[in-house]
Amino acid sequence: MTLTQPRPRADASRGVLLLLALTCGVAVGNVYFPQAISPSVAAGLDVSADTAALVVTAAQFGYAAGIFLLVPLGDRVPHRRLAVTLLALTGLGLLAAGAAPGVTPLVAASAFVGAVTVVAPGRGPQAAG
């Protein structure tokens, strides 16, 4: 006698995939949104456009570091716990970026947000599994 696992309902699978897609889209947006608001950052912080571009650069470098350092944790840490932790840290980083009084703290917060916004590269294996 063999034991079989019950098949998941199609509605539940679609709902989970929709949630994963939405989560990935919003998370990846955190890396690219600074490009669109760079002129506003320069005007709001009264810095040059080149200095404001550091915010974008920091987010991109942070994202690369997060892919290199954090995505492999998906092999060791349960997917759900890792995703929730990364999304919570992303939210905290975005709050810090929103409250940044100057360009230096904003660059640091952008690098942090870029590093922890790596939910999307880690969700691919989860969706496939």
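The values are calculated or read from the model by the stated rules, or taken from the named source; none is laboratory data. Keep in mind the model is a prediction, meaning the values are calculated, not measured. When we count neighbours, we look across all protein chains shown, and the Cβ atoms used for this are built from the backbone with ideal geometry, even at glycine. Remember, those area values only see protein heavy atoms, side chains included, never the ligands or the DNA or RNA. Shrake-Rupley method; radii C 1.70, N 1.55, O 1.52, S 1.80 Å.
Counting only helical runs of four or more DSSP H residues, what would the 222 nm mean residue ellipticity of the chain come to if each run contributes -39,500 (n - 2.57) and the total is spread over all its residues?
On the way: 5 runs with 101 residues, N = 129.
Value at 222 nm, helices only, nearest 500: -27000 deg cm²/dmol.
Suppose every Lys and Arg Cβ carries +1 and every Asp and Glu Cβ carries -1, with no other charges. What dipole size does the chain come out with about its Cα centre, to the nearest 20 debye? Mind showing how you got there, number by number?
Details: 7 positive and 4 negative charges, 143 e Å.
Rounded to the nearest 20 debye, it is 680 debye.
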Got a number for the accessible area of V119? Probe 1.4 Å, square angstrom, nearest 10. 0 Å²
Protein accessible area in the stretch 49-111, 1.4 Å probe - carbon and sulfur %: 71 percent
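How big is the Rg/Rh ratio for the stretch 50-118, C-alpha atoms only, Rh by Kirkwood, two decimals?
Details: Rg = 12.6 Å, Rh = 12.1 Å.
Computed over Cα atoms, the ratio is 1.04.
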Picking from P78, L94, I67, whose Cα lies most toward the positive end of the charge dipole for the chain (charges on Cβ: Lys, Arg +1; Asp, Glu -1)? P78
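Once the Cα gyration tensor of the chain is diagonalised, what are the square roots of 5 times its eigenvalues, in whole Å and ordered largest first, as equivalent ellipsoid semi-axes?
Details: eigenvalues 257, 39, 23 Å².
In descending order the semi-axes read 36, 14, 11 Å.
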Among the trypsin sites (Lys or Arg not before Pro) in the stretch 19-120, which ones are in a DSSP loop with at most 16 other Cβ atoms within 10 Å of the Cβ? Mind listing them? R76
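Highest first, please rank the peptides 44-52, 30-38 by the mean number of other Cβ atoms sitting within 10 Å of their residues.
Averaged packing, sorted descending, gives the order 30-38, 44-52.
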With label points built 7 Å along Cα→Cβ from the Cα atoms of L17 and A49, find their separation and express it in nm. 4.3 nm
Using θ = phi - 60° and the Karplus form 6.51 cos²θ - 1.76 cosθ + 1.60, what ³J(HN,Hα) does each residue of the stretch 83-92 get, whole Hz, x for Gly and Pro? 5, 5, 4, 5, 5, 5, 5, 4, x, 5
